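Readers should treat all values here as calculations from the given coordinates under stated rules, not as data from a laboratory. Computed from a predicted structure; not experimentally measured. Backbone-built Cβ (ideal geometry, glycine too); neighbour counts: all protein chains shown.
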């Protein structure tokens, strides 16, 4: 019996003596610690000129302090910008409500400039600017306008315009027409007027039809801003919803 017990002990001893299997994840971590990280780019270390007392010289100290001053200034500027944006957002919401109520009451645009003044007499300007001829409307905005105004009225204030442009990809291709001599499409197109494109034998038929592209964008009709009370009625909530719907077509912001 003692022999069997001794055998079991020896077997357990052999098992315990077996080398531990390596942990690849731990090894990878150790390898990462061992490998120094390479600095990217070029690093200019500031001089460390010392005076007779072993301190940085005045000019050198100014250089080292300037690094911290730049970082602090950027942090202060960012914090000030965030505070300003938060304040503008708060004032903008208030101004929009006042603006739409005034528009509903007058049935015309409130005369500008519009100024928000506090109890100490300090003021900021609330700008409402018509950008409808530069900034287009997307499909979602158009669908919202249809729900707010009805399809018929919405169709009267949304204007579609066809925009033509050169297809850059095609312009960079090698001209495939029989008369082309190593020229690319762009060189050929810029040498001829648009009326002569279809008659040019330096381009293939595919290139002639593909070089000019077309996009259709939708814009608010001119003077829509002035017509808002007429379009939605003397209702401040509806006027505000309309302005929020058209977005960048009629921009609104606070400025000092």
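If the label point is 7 Å along Cα→Cβ of residue 148, which residues in the range 98-114 have backbone nitrogen under 19 Å from it?
98-110
If the chain between residue 87 and residue 223 were fully stretched, how many nm would it gain, using 0.36 nm times the residue separation less the Cα-Cα distance?
Residue separation times 0.36 nm, minus the Cα-Cα distance, leaves 45.9 nm.
Residue 52 to residue 79: FRET efficiency via 1/(1 + (r/R0)^6), r the Cβ-Cβ distance, R0 41 Å, to the nearest 0.05?
That gives a FRET efficiency of 0.50.
Given R₀ = 35 Å, what would the calculated FRET efficiency be for residue 212 paired with residue 253, taking r from the Cβ atoms and rounding to 0.05?
Plugging the Cβ-Cβ distance into 1/(1 + (r/R0)^6) gives 0.40.
Sticking with the crude label model, points 7 Å out along Cα→Cβ, report the distance from residue 135 to residue 70 in nm, one decimal please.
3.5
Give me Rg/Rg_expected for the range 191-256, where Rg uses Cα atoms only and Rg_expected = 2.2 N^0.38 Å with N residues.
Cα Rg divided by the expected 2.2 N^0.38 Å: 2.06.
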